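To start, the structure itself, in structure tokens.
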Amino acid sequence: MSESDHHSAPDLCRKSDLGNLKLIMNQSIEQISQQCQLKMQERLEQIWLVAEKERASLAQRMVSDHLAMVDEGINSLPNYHPLHWFQSQLEFKLCGVLEFSNAQTAQNIAQDILNQLQSEILLSIDSQQQEIAKEFDRQIQSIRKSLATTIQPQLQNQRVIIAEYVNSYISLAKLQLREVDKFGFFWNGQRVSSSNIVISGTTTVSPWYLLGLQKKQQPVHRVMLQQLKSLVKESLERTFRDVQAQIASYIETDLHQQIQDLVSSV
């Protein structure tokens, strides 16, 4: 075989197939990341709703519970019926902010929300990283087939089984992704805890016993739903970018070297 023959077909396979492999895996992981973010954002809202209802006044909870009981009956009425309007005015609505006079209480509530959400995030990541690893190996199997087709003319006079010959050089990655062990909540590039996601400040109040004649400043500590959503989004994006980087590294080093060794052997 000439020097040009020795490199042309395998090189073409190496450049196009490995480039396509990175593209396919990046797109697949990006889609998984978006799906995971959506699912966890919805779960966060559910957890937040419970926390906000627990902080609501007794009157608000009684109205909300009563509406839940009569909801089916109201929904059976025509859309123009006035009860639908009354229901929309009385039903519990998220305000997206929890306010506390005590900083430690605010931190405890924030930590409880994060703990509930993290347990579900870890389960989701564990399931997704296993599927990603399996998909990566399926793609490597396609690479094997492509390489077998490429080198077959060079080995047609030798007593070898092409597929077995290729597989002896190109191994399945069987990646052990450990994102569950490394997961943490991040916001603006910094790892966060309950203490640094509570926003502290002051608010103006008018005590009832002063009949509105005098106002005073008092400390307030807030936990914000929108901030937690941003935190979840950034944290999951960070996790799946790390998966993309691990796979890209394997393609550029291990898999690339395996293909070079195969080409050199032909």
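A compact table of results
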quantity	calculated
Extended-chain gain in nm, criterion 0.36 nm per residue less alpha-carbon gap, Ala248 and Lys182	21.9 nm
Amide H partners (placed H, <5 Å) of Val220, local residues excluded	Gly201, Thr202, Thr203
Where labels lie 7 Å past Cα in the beta-carbon direction, separation of Leu155 and Leu23 in nm	2.7 nm
Arg191, Arg222 arranged by Cβ crowding within 10 Å, fewest neighbours leading	Arg191, Arg222
C-alpha center-to-center spacing [the range 143-196, the range 236-251] in angstrom	12 Å
Calculated FRET value between Ser142 and Asn115, using beta carbons and R₀ = 35 Å, to 0.05	0.25
From phi via Karplus (6.51, -1.76, 1.60), per-residue ³J(HN,Hα) for the range 41-52 in Hz, x at Gly/Pro	5, 5, 5, 4, 4, 5, 5, 5, 4, 4, 4, 6
Val50/Leu172 FRET efficiency (R0 45 Å; Cβ-Cβ; nearest 0.05)	0.55
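Quick note: the coordinates plus some simple rules give every number you see, no bench work behind them. Just so it is clear, the structure is predicted and the values come from calculations on it, not from any experiment. Note: ideal-geometry Cβ built from the backbone for every residue, glycine included; neighbour counts use all protein chains shown.
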